[in-house]
1. Could you go through region 80-91 and let me know if any residue there is under 28 Å from Arg313 (Cβ atoms) and part of a helix (DSSP H, G or I).
2. Given the criteria in contact with a Cys (Cβ under 9 Å, 6 or more places away or on another chain) and closer than 30 Å to Tyr391 by Cα, does Thr101 qualify?
3. Taking region 230-280 only, how many residues are outside any helix (DSSP H, G or I) and either of a type outside the set (A, V, I, L, M, F, W, C) or surrounded by 18 or more Cβ atoms within 10 Å (Cβ to Cβ) (or both)?
4. Show the residue pairs meeting these rules: Cβ distance below 6 Å; 6+ apart or different chains; first residue within region 520-540 and farther than 15 Å from Thr99 by Cα; second residue assigned to a loop (DSSP other than H, G, I, E, B) and not hydrophobic (A, V, I, L, M, F, W, C).
5. Here are Glu471, Glu441, Glu424, Glu475: which of them is among the charged types (D, E, K, R), assigned to a helix (DSSP H, G or I) and out of contact with any Asp or Glu (no Cβ under 9 Å at 6 or more places or on another chain)?
6. Restricting to region 228-270, give me the number of residues that are out of contact with any helix residue (DSSP H, G or I) (no Cβ under 8 Å at 6 or more places or on another chain) and in contact (Cβ under 8 Å) with a residue 24 or more places away in the chain.
7. Could you pull out the residue among Ile88, Ile134 that is touching a Gly at 6+ places or on another chain (Cβ under 8 Å) and of a type in the set (Val, Ile, Thr)?
8. For the condition free of Cβ contacts under 8 Å to residues at least 60 places away in the same chain, assigned to a loop (DSSP other than H, G, I, E, B) and in contact with a strand residue (DSSP E or B) (Cβ under 9 Å, 6 or more places away or on another chain), what is the one hit in Phe384, Phe378?
Amino acid sequence: MKKIFITTFSLAAFILFSGSCSKSFLNEKPYSSYTPVTLNDSLGFEASLVGIYNHISTIFSWSDQQGWPSVWQVGTDVANATANQQGIEIPYYNYAQLTSTDGAAARIWNRYYILANLTNTIIDGVESPTLTSISDAGKKAIDAEAKFFRAYAYNNLATLFGKVPLVLHPLTGPKTDFTRASLDEVNNAIISDLTFAITNLPDIDAVKSNSKGKMYGRANKYMAMQLLAEVYLRAGKGALAEEQATNIIKSGRFSLINKRYGAKSNLPGDYYSDMFQYGNQRRSQGNTEAIWVLEQENPATVVGGITDNPQQRRVWGAAYYNISGMVICDSLGGRGIGRLRLSNWVLYHLYDHGDIRNSEYNIRRQYYYNDPTKPTLFGKPVPFTDPDSLYKICPSTTKWGQFDPNDTFGYAMIKDFMLMRLGETYLLLAEALVAQGKTQEAADAINVLRTRAQAPDVKAGQMTLDFILDERARELIGEENRRATLMRTGTLVDRAIKLNSGDAQKPITGLTATNLLLPIPLSEIQLNKDAVLDQNPNYK
């Protein structure tokens, strides 16, 4: 089958030139164009859908800019950049440098509009009245999977940029007159897509499986419900968000992890840390919390098992290997570089005593010399001295720890991405309840998580959006896109300044209400010559 070549709409602004020549051998035969290859059978649609998952993985695995994961964490309430920063994250704590030429904003715009166009091609193809080779049920399943990802793309764009151009059909030629749709228009399109997806996507236990009976991380209706709950919260519709989150919780398909399981369960650890062990993250591996897991495979055994080289372990993990007397090992999560450091608020003020999410197995705070060639040091604790404690052996989450014996240098990462799980569903439910003033019900939802974490119960009077965001940090540190969460809730400025404006190697500066949205990439504005594509306020 031919590959489908789709461009983001910025590329559609290129001017095409054509010429003529009397010599036939000079006639060009184009192998790609603005017009997508027609999809006309189930194999073509299936290949196109699989391609979407490949594209999604590129959003998380950009190795050319190794500080990419830091963009979404530093300069918020939960993390700071270190001396080992890579570059692209600098405008996300030194906000005066965040301008319309920013590379990270341009990257995310590009990735999500490519995703929108990929899905538009599938949706228009499967909804074409000329398609007769696929049953109605088959068409709806294809349509639903593509519409989930179109909604995913536009929800991220709306969260990060606000009003954005709404493109619901594939580009068939150059277009230079895009305008920004209202948030209501964008939200209504997202909600329509997700409502269709919920009705027509399979149950999680009925998604496609491979020849060995293992579940793929393909879209299921609970993914659409979880995303719709978040969309409704962003749109200020708490009651509707509550309904979606409640439907997931009461479905009987998921349960919180509260006992040891899976790989390494016979080694020191706890049930919360088990969830993040390599080999434990998928539903087929015993993770009863998993709603959406973006599955990766070791490229040493599966060709094309990952896209690019994800940098999450290197960003989140401490650079302990730089300490004389320490060597890279599995028990310490492989080779980290410490491109970010958890904020003092997270490390010293966030958790209650006894909260399992703050155990030594989930946030590593102490290191021991482990190089057997240095017997005078071996087994002794590594002292904390500046600057070592700022990134070399700084306390860090263990969620991204993973050692690949085929890659001891630790450039690539073969760990799965757990993008949605039941723990977050309870947090979305609590947020929806607080938005409606149902504080006792919100406390009940939060206490389900806190009971699992062996943390003390909370009361209705404590239920505020700020408390929910605190609990999200406790539960989802290292997992959630913290910047997107704080932008969605309009709390980035207040929380970053209040909770993370103290001492840091790379302190937050220049943060204002302007930064509640990202800048529209200047290149998009300049290429859009036949209409005005407005910039977000106060960006240059």
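1. yes
2. Considered against the rule, which asks whether it is in contact with a Cys (Cβ under 9 Å, 6 or more places away or on another chain) and closer than 30 Å to Tyr391 by Cα, Thr101 comes out as no.
3. The first filter runs over region 230-280 and keeps only residues outside any helix (DSSP H, G or I), leaving 235-237, 250-270, 275-280.
So of that shortlist, the ones also either of a type outside the set (A, V, I, L, M, F, W, C) or surrounded by 18 or more Cβ atoms within 10 Å (Cβ to Cβ) (or both) come out as 235-237, 250-262, 264-266, 268-270, 275-280.
So the answer is 28.
4. Going by the 6 Å Cβ cut-off, the qualifying pairs are Leu527/Ser10; Asn528/Thr176; Lys529/Thr176; Asp530/Thr176; Asp530/Asp177; Ala531/Asp177; Ala531/Thr179.
5. Values: Glu441 fails: out of contact with any Asp or Glu (no Cβ under 9 Å at 6 or more places or on another chain); Glu424 fails: out of contact with any Asp or Glu (no Cβ under 9 Å at 6 or more places or on another chain); Glu475 fails: out of contact with any Asp or Glu (no Cβ under 9 Å at 6 or more places or on another chain).
Testing whether each residue is among the charged types (D, E, K, R), assigned to a helix (DSSP H, G or I) and out of contact with any Asp or Glu (no Cβ under 9 Å at 6 or more places or on another chain) leaves just Glu471.
6. Here the count works out to 2.
7. Ile88
8. On the way: Phe384 fails: in contact with a strand residue (DSSP E or B) (Cβ under 9 Å, 6 or more places away or on another chain).
Phe378 is the lone residue from the list that is free of Cβ contacts under 8 Å to residues at least 60 places away in the same chain, assigned to a loop (DSSP other than H, G, I, E, B) and in contact with a strand residue (DSSP E or B) (Cβ under 9 Å, 6 or more places away or on another chain).
The values are calculated or read from the model by the stated rules, or taken from the named source; none is laboratory data. It should be emphasised that the depicted structure is a prediction, and the values quoted were computed from it without experimental measurement. When we count neighbours, we look across all protein chains shown, and the Cβ atoms used for this are built from the backbone with ideal geometry, even at glycine.
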